Structure formats: C-alpha cells, structure tokens
1. Where residues in the stretch 148-167 are charged (D, E, K, R) and out of contact with any Asp or Glu (no Cβ under 7 Å at 6 or more places or on another chain), which of them is farthest from Ile134 (Cα to Cα)?
2. Being within 20 Å of the chain's Cα centre (by Cα), more than 21 Å from Arg477 (Cα to Cα), in contact (Cβ under 8 Å) with a residue 12 or more places away in the chain and crowded, with 18+ Cβ neighbours inside 10 Å, is that true of even one residue in the stretch 249-257?
3. For Gly488, state whether it is touching a strand residue (DSSP E or B) at 6+ places or on another chain (Cβ under 7 Å), small (Gly, Ala, Ser) and modelled with pLDDT of 95 or more.
4. Determine, yes or no, whether Glu281 is within 22 Å of the chain's Cα centre (by Cα) and in a loop (DSSP other than H, G, I, E, B).
5. Here is a check on your reading of the model: is Ala290 outside any loop (DSSP other than H, G, I, E, B) and either over 22 Å from Gly507 (Cβ atoms) or touching a helix residue (DSSP H, G or I) at 6+ places or on another chain (Cβ under 8 Å) (or both)?
6. Within the stretch 535-552, track down each residue that is surrounded by 22 or more Cβ atoms within 10 Å (Cβ to Cβ) and closer than 30 Å to Leu245 by Cα.
7. Tell me which residues, restricted to the stretch 136-180, are closer than 16 Å to Glu44 by Cα, of a type in the set (S, T, N, Q) and either open to solvent by less than 10 Å² (accessible area, probe 1.4 Å) or outside any loop (DSSP other than H, G, I, E, B) (or both).
8. Give the number of residues within the stretch 527-536 that are out of contact with any helix residue (DSSP H, G or I) (no Cβ under 7 Å at 6 or more places or on another chain) and farther than 18 Å from His328 by Cα.
Amino acid sequence: MKNRYIIGGLAVALMTPALVSCSDDYLNEEPRTGVSSTTVNTTEEGANAAVTGLVRQMQRQFSDLKNGNLNASGETFFANVYGEALGPDNNVGEATNYMRSGIKPANFRMQNGGWWPTWMYNYAYSIINSANSILTNIDEETTNANELWLKASALSMRAHAYTRLMQVYAPRWIDSDNGNKHCIVFRIKSGEPNDKQFSTCNEVYDQLYKDLTEAIACFEKSTKDRGDQLFFLDASVARGLFARLALLKDDYATAQKMAHDARKDFPIMSEKDYLSGFSTENAEWMWAPAMDPLGIYYWGFGPHYACNGHYVKSWGYSSSMQYSLYKHFSESDVRAQLYFGPLCVRYEPEMASKYGVTEEDFFDPSIYSNQTYGISITGSGSSPKGKNKAMWDFIKAYGKRFADLRPEDIKGIYPTNSKGISFGVQYKFQGLPDGYTSCWPPYMRASEMLLIEAEAAYRNGDAGTAVSCIQELMAKRDPNYTIPATAGEALLAEVKLQRRLELWGEGFNWFDYKRWNEVIEYKAFDKNNIENMGSYPTTVAATYQPDFMNGWRAAIPQSEFTYNKEANPALVGQ
C-alpha cells in the first residue's frame, strides 16, 4: 500500500474536494489549481473554498479502504465503526458481522495486514496533511478577516484529526505516565521530512492546546461569520473540540469551562426534534455535515446505518440498542420510543392488542433465532407464522407512527429476508426520501457539551453543576425524571448512563469506555438471566478487560515504519 495519506503530502485541491461516487465519477466542478495562496487565503470566496475542501474530507469516500460491505466514507463511518461497533451498547448491523473476522477486537494489534487498525490512521492524516498545507501559506501576523477564519478552521480541523488519533492509538491518560509515554508521530508542518520519532502524549497535548487556543482567538478576531453553513467551523465548535480533547487528557477544569462556553448559544433539542430522524439540522446542532450526497451516494452513512437505509432494506443489517442499556429507560423517556422493545407495547397498547403482542413476548426465546448476525425476532424470514408473524406485523405498524415526522414509509426497519429483526432495533437515524436515504447525523451538538460539562464538573468536585446539567437535559427528555443521586459515585454513574442513552449511535461509546478504564462486555441473550442479559449474538459475546491489547491501543500501521526510518516501534509497544 502506498503511504499517500500518512507521510507524503496529500494531493488535495483546496478549492473543492475530490469525492468519488460508487461509479468512480468525480464531481462536475473541476478542482481549481494553480491559484495563488494570496487569492485563496485573503478573499472570502477563496477562504470559503479552501475550508470547504478541508472540511468535506470528513464526508469523502475512501475507495481504497473499502472492505466487503463496509464502505469507508468519512467521519460518521469511522465514529460508527470505532465508537459504536467496538462499544458494548450497540449491535451495529453489518459491522457486528465483521466482528467475527476483520474488525474483531483481537485484531486491534495487527500491524501487518489488519485493515481496520489502519482506517483511522489514513483518515486522520488525510485531514492533517491538508490542514498543514493551508497553514503553511498563512502569514503568522495576518489581520485579514478571511485569512484569520481560514487559519482558525485549519488549526481546529488538525486538532480534531489528532484527537481522533489519540483516541485510537495513544494510551489512556491514566496509563500514560502522566503524559510521558510515546504515542503517535506528530507532524505540524507541510513538507517536513518523513523520518520522525514518536512524540510523547504531553508533546501532542501541549501543541493541540496551543492550536485550539489560537484558533479560538483567530475566530474571535475575524469578522467573518459562517452563517447557516454548519459544516464550517466557528469559535463554539473550536471550544467543543477543546472540551473533547481536555476530557481525553483528564483535564476536567478545562473540559468543564470549554464545554459550558461552547454550548451557550445552542438550546437542547425538543422532543419533536429528537424524534425527527437525526437527518436534518435543528437549533441544537453545533457542527454538522453538508446536507447533500457529495458525490458518494450509496457510500454515505444513511444507506448503511439509517433504519430505512438502502442497504439495510436489502441486506437486513440494522443497528440495535443492547437490552443491558435499553432496560434503563423509563416509559416516560421520549428516547425510548426510538427502539423496538417491550415499552412499545405501552406506547401503542391498542396496536399491540390488535396483533396479540405482549411485553413478555420480547423475552420469549421461542420467538428468537440465535443467528450469526444477531438475536432476531421474527427469525423465520419473509413468511413468518404464529407469534413471529404477530411481531412482524407489530413492528411494521409501529414504524409508521413516525411517518408524520419523515415523509417516507419506514419499511427498511423490517427487512424481508431471513435475518429478522434484532431486539432494540433503532428508529433514531432515519434516511431522507432522496433516492439515497441520506442521513448525516451531527458532528457535535449541545447535549454532548452539556454531558461533558456534567462529567467534568463532577470530577472537579462540583456536584451541584453536574446535577444541574443532568436536570437541564432530562427536562427535555423525561417529564417524570428525578435524579437518583446528587453526590458520590452514584451521581457519576447517572452522568455516564445519561451520556450512553443520549448519545447512543453517535460514535462515542467505545471511546468513553476506553477513557473511563472500564470493562467492556458484549452480553448475549440469556433466557435464564433476563435482568442481566444483553442481546448480542453468541458469536460476538465476550468480555474485555481494560488492559486488553495494550490498553485498547490499535497498532501503528506498518506503513508508518516503512516510510519513516526514525520511528522506533518499541516506544509504542510494537
């Protein structure tokens, strides 16, 4: 494999991204090249085009990273495969199938030939190299509003990409010898020599803190505004990125302040917005993908992971919440409506009665088929009989209750093949009726910042703020909610629980468990222990301790050592 994303300068046109469709067609607009850095940096048109080219790499298709049915298509894909598929709360459909082979946790350390450890590396460095190219051509002392905004955007994007690398390849902060352990090769200058030693965690964090501080200052000095283009960045997004980075470093004072300041202009979304499909922008969204197919069509998030996605319909792989998490929902929690479980009987009692479905049926092993792809209700396929037929008809009817929020039948939630329906299958992400079932969940929203603030406040000994944050969130989620604890470990447990429930499917789960230093358990269905069971297939069910595979650190890909003779593998445990 050529090291074109990792070491060498990535050939990206800053004016427009080269985004490839399933048919390998490029966008109609040709990339503009040969334009002076002054034109790009200092004019509004040039700055907009440069940032568009940089940010839209978060939605580009990585055709050389395709593996089977797993199509690498930017930020939402990588958040899903790493943050969700490897976490304990989400059976991620087609990814769970691959958990038996290519992306199973035991392959985390496959330096040679393991394709999923290389994915985040290539993705992050494609952004880093582009950001470095932009920053090389910006005057350090610039006062031009467009150039300040461009500089701030490039610094923020580079910090985001390096944060991703630190999440996957670096040790947890508590395992880092107070930041002195080595982690990744840190490159911040375009065209610098390939040969470079691994940096320490402190060296990386110190530079990223500096970058984000400067980015915020540049955003605030610039008079340029992103307007309604939420794929552009601004000072709020930079603060949000800073909060995420500080949380990774266990720097809770910085995390609390940055998260609080980042979300101040963004309200927590309403019940209706939460139920509306996570495919269109609302007032809570702080940073979001561009809401168009961007030339990648069926390689986007929606076709593969929306509940009605094109390939979900065709293949029957649909994401589902684990029962071990689902059981924490109360009936009055609006979020519970988005998962097919026993509470659906209470939400639609007349419908359940019509089809003869009870809450107990969800725990009846005779209705399940313990298949390779998951524990499946209606496992008998497209011509179910008896109770399977009743469950089949119930889920079809239940899905249509969302039709007033999204103008398309949600038929993809019940695939017409032998794989059936997994317990807890989701309606949270709903594809739009645009032919590609497009669905682009946000990169950042206010609820995440609120939950960072709550966790950081608790760690800072500020239990009052932690309680206030959770109450603020739950006022929009459950009218009957009463916080179960206002101090101690029980309060921290509640903060973590609400983070898992609120952000399910948005790409945080595995990253959280890693930094929390907690055991990851993929719990299987167990008819003899319903209270403590999950709903993973038995082929995936397993328990992983925090020290598993070098503390959940992916192997640095072999390509780094092939093209970088200075990198000492012993420094990173390879």
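1. Arg164
2. Taking the stretch 249-257 and keeping what is within 20 Å of the chain's Cα centre (by Cα), we get 249, 255.
Among the residues that remain, those that are also more than 21 Å from Arg477 (Cα to Cα) are: 249, 255.
Keeping just the survivors that are in contact (Cβ under 8 Å) with a residue 12 or more places away in the chain gives 249, 255.
Those still in the list that are crowded, with 18+ Cβ neighbours inside 10 Å too: 249, 255.
Taking every residue of the stretch 249-257 in turn, at least one turns out to be within 20 Å of the chain's Cα centre (by Cα), more than 21 Å from Arg477 (Cα to Cα), in contact (Cβ under 8 Å) with a residue 12 or more places away in the chain and crowded, with 18+ Cβ neighbours inside 10 Å.
3. Working: touching a strand residue (DSSP E or B) at 6+ places or on another chain (Cβ under 7 Å): no; small (Gly, Ala, Ser): yes; modelled with pLDDT of 95 or more: yes.
Taking the combined requirement at face value, the residue does not satisfy it.
4. So Glu281 passes the test.
5. Criteria not met by Ala290.
6. Trp552
7. Asn146, Ser153 - these are the residues of the stretch 136-180 that are closer than 16 Å to Glu44 by Cα, of a type in the set (S, T, N, Q) and either open to solvent by less than 10 Å² (accessible area, probe 1.4 Å) or outside any loop (DSSP other than H, G, I, E, B) (or both).
8. Going residue by residue through the stretch 527-536, those that are out of contact with any helix residue (DSSP H, G or I) (no Cβ under 7 Å at 6 or more places or on another chain) are 528-529, 531-532, 536.
Remaining after also requiring farther than 18 Å from His328 by Cα: 528.
Total satisfying the criteria: 1.
The values are calculated or read from the model by the stated rules, or taken from the named source; none is laboratory data. It should be emphasised that the depicted structure is a prediction, and the values quoted were computed from it without experimental measurement. Every residue, glycine among them, receives a Cβ derived from its backbone with ideal geometry; neighbour counts consider all protein chains shown. The accessibility values were calculated without ligands, DNA or RNA, using every heavy atom of the protein model including side chains. Shrake-Rupley method; radii C 1.70, N 1.55, O 1.52, S 1.80 Å.
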